[in-house]
Amino acid sequence: MTQHTFPLGIPGFSYSDLYDSGRLKDLLETFDNSVKYHDADLFAEFLNYRQTQGEGLAPEKISDLLVRTAPYVGQFVAKLFNVTDEHQAQAAKTHDEFATIFAYKNEVVANTPKLFKGQEASSFDKATVEKELNALIAAAFSELDEGHDDEYRVATVGAFLGKLNLHYQLLAKGKDSDYENAEDKVAFLRNALAADFAELV
């Protein structure tokens, strides 16, 4: 079996079909049927966009349509090349990163003026803040030292602390909070920091 005849992940198709315009048309039909089966309304929108080339649609509408269609394209291509597991793992990682950064911006960044009212960011000792953040990450978030960029590391820690802070603010005001296992998470932080401090002394 040569590299041009091995089967693809979509039944009835082989690698050589990717070089055949007729078979590509068949493959597109298979994709269309898949989208139509999972979301008929979305497929109708996308089919209209394809036929009209987006004529008459606002750029925002086109962007929204493509974003909603993209997951189906990704899943189909992953299945086609037998990399579904890898695709799902990468999708989960990407979703986690977006959710973490989004939570950080909403829970921490958006509330910064209120949390540091009357203070100027320029007055902060950046080197000390960075040193303390890195110490916190090393003590309680050691998994963030492997393969994560600075934005994700800061967002993960910031979102974690921001949600804890909001939880206790709500409780202090006599309101309910749906944040789960807060006491356990605080205990974990205290133990991690205590252990780290004990090593230093």
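Look through ALA44, ALA91, ALA78, ALA70 and report the one residue that is in a helix (DSSP H, G or I) and farther than 30 Å from GLU151 by Cα.
Details: ALA91 fails: farther than 30 Å from GLU151 by Cα; ALA78 fails: farther than 30 Å from GLU151 by Cα; ALA70 fails: farther than 30 Å from GLU151 by Cα.
Just a single option satisfies the conditions, and that option is ALA44.
Any chance you could count how many residues in segment 66-90 are more than 22 Å from LYS36 (Cβ to Cβ) and of a type in the set (A, V, I, L, M)?
Selection size over segment 66-90: 2.
Just for helices (runs of 4 or more DSSP H) wholly inside segment 97-201: which have at least 2 residues that are touching a strand residue (DSSP E or B) at 6+ places or on another chain (Cβ under 7 Å) and loosely packed, with under 13 Cβ neighbours inside 10 Å?
On the way: elements: 112-115, 126-140, 150-172, 182-200.
Qualifying helices (runs of 4 or more DSSP H): none found.
Starting from segment 167-182, keep only residues that are under 19 Å from VAL108 (Cα atoms) and aliphatic (A, V, I, L, M), then list their pairs with residues that are part of a loop (DSSP other than H, G, I, E, B) and open to solvent by 100 Å² or more (accessible area, probe 1.4 Å) whose Cβ atoms are within a distance under 8 Å, requiring at least 6 positions of separation or different chains.
These pairs meet every condition: LEU170/ASP176.
Would you point out the residue of segment 24-41, among those that are in a helix (DSSP H, G or I) and more than 23 Å from GLY12 (Cα to Cα), that is most open to solvent (accessible area, probe 1.4 Å)? Show your work before the answer.
First, pick out the residues of segment 24-41 that are in a helix (DSSP H, G or I): 24-38, 40-41.
Subsequent filtering for residues that are more than 23 Å from GLY12 (Cα to Cα) retains 40-41.
On the way: ALA40: 59, ASP41: 116 Å².
Across segment 24-41, the extreme among qualifying residues is ASP41.
Residues being touching a helix residue (DSSP H, G or I) at 6+ places or on another chain (Cβ under 9 Å) and among the hydroxyl-bearing types (Ser, Thr, Tyr): count how many of those fall in segment 109-127.
1
Name every residue in segment 151-201 that is over 27 Å from PHE98 (Cα atoms) and either among the hydroxyl-bearing types (Ser, Thr, Tyr) or at pLDDT below 85 (or both), in order of residue number.
LEU193, ALA194, ALA195, ASP196, PHE197, ALA198, GLU199, LEU200, VAL201
GLU60 versus (1) open to solvent by 70 Å² or more (accessible area, probe 1.4 Å); (2) more than 23 Å from the chain's Cα centre (by Cα): which is the lone unmet condition?
Failing condition for GLU60: (2).
So in segment 1-10, with the set limited to residues that are loosely packed, with under 14 Cβ neighbours inside 10 Å and either in contact with a helix residue (DSSP H, G or I) (Cβ under 9 Å, 6 or more places away or on another chain) or within 24 Å of VAL67 (Cβ to Cβ) (or both), which one is modelled with the highest pLDDT?
Step one: of segment 1-10, the residues loosely packed, with under 14 Cβ neighbours inside 10 Å are 1-7.
Pick out the ones that are also either in contact with a helix residue (DSSP H, G or I) (Cβ under 9 Å, 6 or more places away or on another chain) or within 24 Å of VAL67 (Cβ to Cβ) (or both) and you get 2-7.
On the way: THR2: 47, GLN3: 49, HIS4: 58, THR5: 67, PHE6: 72, PRO7: 79.
Among them, the one singled out is PRO7.
The values are calculated or read from the model by the stated rules, or taken from the named source; none is laboratory data. In this text the structure is predicted, and so the values were computed from the model without any measurement. Note that we place each Cβ from the backbone using ideal geometry, even for glycine, and neighbour counts take in every protein chain shown. Heavy atoms of the whole protein, side chains included, go into the accessibility calculation; ligands, DNA and RNA do not. Shrake-Rupley method; radii C 1.70, N 1.55, O 1.52, S 1.80 Å.
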